[in-house]
Amino acid sequence: MSQMAVKTEGTPGPTGAPAVVAAVHYQGDRWRLVILANRNGLTLEQAVSLDTAGQVLPVLKQHKVERLVRVAPMRETVARCNPIPAGVNGELASVLALMAEAQLPETIPAHRRTAGGVPEGEGQARAALLIGWKGEAPESLVDEEEIEESWTTPAAALAVLRQGKGQSAVYADPEEGAVSVLAFGPSKSLARVLVEDAPNSTAFVRTVLGVVGETCSAASVAAPQTALSPSGVILAVDSGVIGAVRSIVSGVPDQRSWFEQYGLALGAALAAVSKDPIARSLTALRASAPVRRESPPERVANWLSHRKRAWGVVAASVALLLLGPWVIASARLMVLNAKAVGLGDKNRERLESARRSALYQQLEVSRWPMTKLLADVSAAIPVGVTTDSIRLSTDQGLSVQGSAENAELVNTMQANLNATKLLSNVKLNRVDSGGSGVQFDLTADVVNPHVKAAGLEDYAAKPLAVRLYGEGASNTALPRNTGSSSGGGGGSRESSASRDTRSASRPPERSERGGGGGGNGGGDRGGDRGASRPSEAPSRPAAAAPGEAPPPLTDAEIEKMDRTTAMREWANRRTYPQKNPAIDATTKSRLAEEARKLQEQMNKAGAAR
């Protein structure tokens with residue numbers, strides 16, 4: 001494969017001509033391909049000889065070719081040359097088309113015949129070249145969706161290559177066995193295509209000489225020299241043709257041998273990019289009849305052109321006009337009926353939802369009866385359970401922290417709270433057993449804060465003092481069998497049963513000591529119902545100043561305490577660290593140890609009673 005390339009850049013060429021065009025001519029056993037760029041003048045992009053037809057498309061894509069012109073086999077073409085009538089200018093294309101239809105053989109289809117003007121030389125009349133192609137349709141070399149493909153004849157390519165220089169031009173190929181001759185005289189122009197199967201090259205040259213001589217003599221022009229070239233073809237043109245072509249196409253070499261190989265392909269490419277549309281028409285041949293694509297309105301009009309179809313359309317239109325509103329209304333009714341299924345149930349559900357929403361909103365704005373709730377919760381806590389804290393809130397519910405003498409009391413408390421019907425989800429989050437009792441954390445959700453609680457203890461019928469000390473005790477006086485004097489004086493006191501022994505007891509309002517010198521003597525000034533002996537009086541430790549930690553207790557003092565006093569002191573030592581978290585570790589440890597011992601004393605005193 002041989003090639004020569006010259007690259008240029010610029011703007012596209014004249015209107016109607018592609019920016020990059022290629023022409024291919026099958027000569028002997030090689031494909032002669034020429035590519036021209038039509039930007040700011042014509043430039044030879046590439047001229048290459050290819051071995052196979054499959055090599056053509058990659059080269060075209062490499063140069064972004066828009067149109068490919070193929071030169072038809074010379075044996076399958078015809079050519080006529082007639083003068084253009086004087087005065088024909090504006091309708092020249094129509095005149096040339098009529099001349100081609102009238103003078104070319106009828107066996108040639110319309111898409112394979114055309115006519116165009118040829119360049120004029122000095123002293124030459126205006127001539128029209130009529131060409132036709134009557135051979136088989138070969139396989140396309142390109143995809144016509146991307147690259148346009150058209151055809152021309154060797155006579156047309158030779159006429160454009162001539163560029164109006166000289167009076168004659170000849171192309172002959174002994175391999176193909178055909179010769180094309182053009183002769184342009186002052187009064188007559190001739191074009192001939194002759195098929196001659198000569199037995200050898202000498203006989204072929206002799207035949208070519210005879211045909212060329214007869215044609216040139218008839219046109220009254222001098223015959224050119226038609227010697228067989230080393231490439232095996234005859235390309236005889238005037239000596240000024242090469243210079244004329246090189247003046248309009250940059251990059252063309254000044255070599256007759258180059259023109260013998262690529263001359264016809266170059267002429268076809270020049271015809272495709274010519275500024276004259278009459279010359280470009282010489283490359284308008286097609287291998288097959290073009291398929292006319294109708295526009296949608298045209299297809300509809302052609303379909304309705306039949307009488308039966310037209311009446312059918314009219315009938316359908318009238319039916320649609322009359323029945324269309326009824327059909328649309330029926331469809332809407334069906335849709336509405338489908339959507340209305342279960343509408344009554346949905347309305348009832350909507351009203352129920354609205355009622356519930358109103359109730360929830362009312363409950364959200366209502367306040368809980370906190371005093372009632374606290375009283376109900378307190379009445380559900382059994383004796384023997386001490387609460388450190390009770391919290392009630394609308395967002396967190398009920399939270400109780402405290403201690404109990406044993407785990408059974410904790411379970412009893414949980415059952416009592418469940419039985420109130422005020423709460424739900426009553427659960428123990430923590431239950432820790434130790435030497436001083438059972439520590440617990442309890443939580444619950446308040447679901448019915450306004451209902452009357454059920455299963456509560458009646459502390460009006462049986463006061464707390466009776467529950468703690470037995471029958472005869474009250475919340476304002478000690479029971480009969482409990483002494484109240486310490487010493488001979490036997491002063492009176494208020495009963496400690498008035499204190500809330502589940503959390504903390506209050507100190508007595510009055511404390512008196514015996515007056516006389518005798519240890520067993522003394523009057524009963526307080527009006528107590530009975531006096532106890534000094535050895536039976538409970539030991540009462542000194543009270544701590546407000547804000548100070550409870551004073552230390554000895555083991556002897558703790559052993560002398562009754563259950564009520566031990567419970568009061570135990571409560572003081574349990575609550576003080578919670579109220580004063582910043583106490584030192586020593587004091588905190590002392591209070592915890594004393595609380596443990598007081599718990600044991602409470603249990604011992606309760607068992608002895």
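The values are calculated or read from the model by the stated rules, or taken from the named source; none is laboratory data. If you're wondering where the values come from, they're calculated on a predicted model, not measured in any experiment. Every residue, glycine as well, gets a Cβ built from its backbone with ideal geometry; the counts of neighbours run over all protein chains shown.
Within segment 40-63, at least one residue is among the acidic types (D, E) and under 30 Å from D197 (Cα atoms).
Residues that are assigned to a loop (DSSP other than H, G, I, E, B), surrounded by 20 or more Cβ atoms within 10 Å (Cβ to Cβ) and of a type in the set (S, T, N, Q) within segment 403-423 comprise just one, T420.
Does G267 fit the bill of being modelled with pLDDT of 90 or more and either of a type in the set (A, V, I, L, M) or in contact with a helix residue (DSSP H, G or I) (Cβ under 7 Å, 6 or more places away or on another chain) (or both)? Yes. Out of curiosity, is L270 in a helix (DSSP H, G or I) and not assigned by TED's automatic domain parsing to the domain that holds E149? So L270 does not fit the description; no.
Every residue in segment 149-169 that is small (G, A, S), at negative phi and not in a helix (DSSP H, G or I), please. Residues satisfying the conditions are S150, S168, A169. Picking from residues in segment 255-283 that are farther than 17 Å from P154 by Cβ and β-branched (V, I, T), the one that is surrounded by the fewest Cβ atoms within 10 Å (Cβ to Cβ) is I278. With respect to the stated conditions, S239 is closer than 25 Å to A23 by Cα and either surrounded by fewer than 23 Cβ atoms within 10 Å (Cβ to Cβ) or in the same structural domain as L270 (by TED's automatic domain parsing) (or both). Filtering segment 427-457 to residues that are free of Cβ contacts under 8 Å to residues at least 24 places away in the same chain and assigned by TED's automatic domain parsing to the domain that holds P382 leaves K427, L428, N429, R430, D432, G434. Selection over segment 551-564 of residues that are under 25 Å from T586 (Cβ atoms) and in contact with a helix residue (DSSP H, G or I) (Cβ under 8 Å, 6 or more places away or on another chain) gives a count of 6. When we screen V426, V383, V400 for residues that are β-branched (V, I, T), closer than 26 Å to G606 by Cα and either at pLDDT 90 or above or assigned to a strand (DSSP E or B) (or both), the only hit is V400. Taking (1) out of contact with any Asp or Glu (no Cβ under 7 Å at 6 or more places or on another chain); (2) outside the structural domain of D29 (by TED's automatic domain parsing); (3) in a strand (DSSP E or B) in turn, V179 satisfies each apart from (1). Of all residue pairs spaced 6 or more apart or on separate chains, those with beta-carbon atoms under 6 Å, a first member in segment 286-308 that is closer than 28 Å to S150 by Cα and a second member that is hydrophobic (A, V, I, L, M, F, W, C) are A287/A137; S288/A137. Among the residues of segment 104-142, write down those that are part of a loop (DSSP other than H, G, I, E, B), touching a Leu at 6+ places or on another chain (Cβ under 8 Å) and touching a residue at least 40 places away in the same chain (Cβ under 8 Å). Answer for segment 104-142, where residues must be part of a loop (DSSP other than H, G, I, E, B), touching a Leu at 6+ places or on another chain (Cβ under 8 Å) and touching a residue at least 40 places away in the same chain (Cβ under 8 Å): V118, L141, V142. Got at least one residue in segment 298-309 being over 19 Å from K165 (Cα atoms), more than 53 Å from the chain's Cα centre (by Cα) and modelled with pLDDT of 85 or more? Checked against the condition, which is being over 19 Å from K165 (Cα atoms), more than 53 Å from the chain's Cα centre (by Cα) and modelled with pLDDT of 85 or more, segment 298-309 yields at least one hit.
Table: residues versus (1) surrounded by 18 or more Cβ atoms within 10 Å (Cβ to Cβ); (2) not hydrophobic (A, V, I, L, M, F, W, C).
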{"site": "A128", "(1), (2)": "yes, no"}
{"site": "E136", "(1), (2)": "no, yes"}
{"site": "D143", "(1), (2)": "no, yes"}
{"site": "K165", "(1), (2)": "yes, yes"}
{"site": "A183", "(1), (2)": "yes, no"}
{"site": "T215", "(1), (2)": "yes, yes"}
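For segment 223-267, a residue qualifies if it is under 17 Å from V170 (Cβ atoms), in contact with an Asp or Glu (Cβ under 8 Å, 6 or more places away or on another chain) and in a helix (DSSP H, G or I), and exactly one does: I242. Note on segment 33-84: among residues that are over 48 Å from the mean Cα position of the chain (by Cα), assigned to a strand (DSSP E or B) and of a type in the set (K, R), the one that is modelled with the highest pLDDT is R70.
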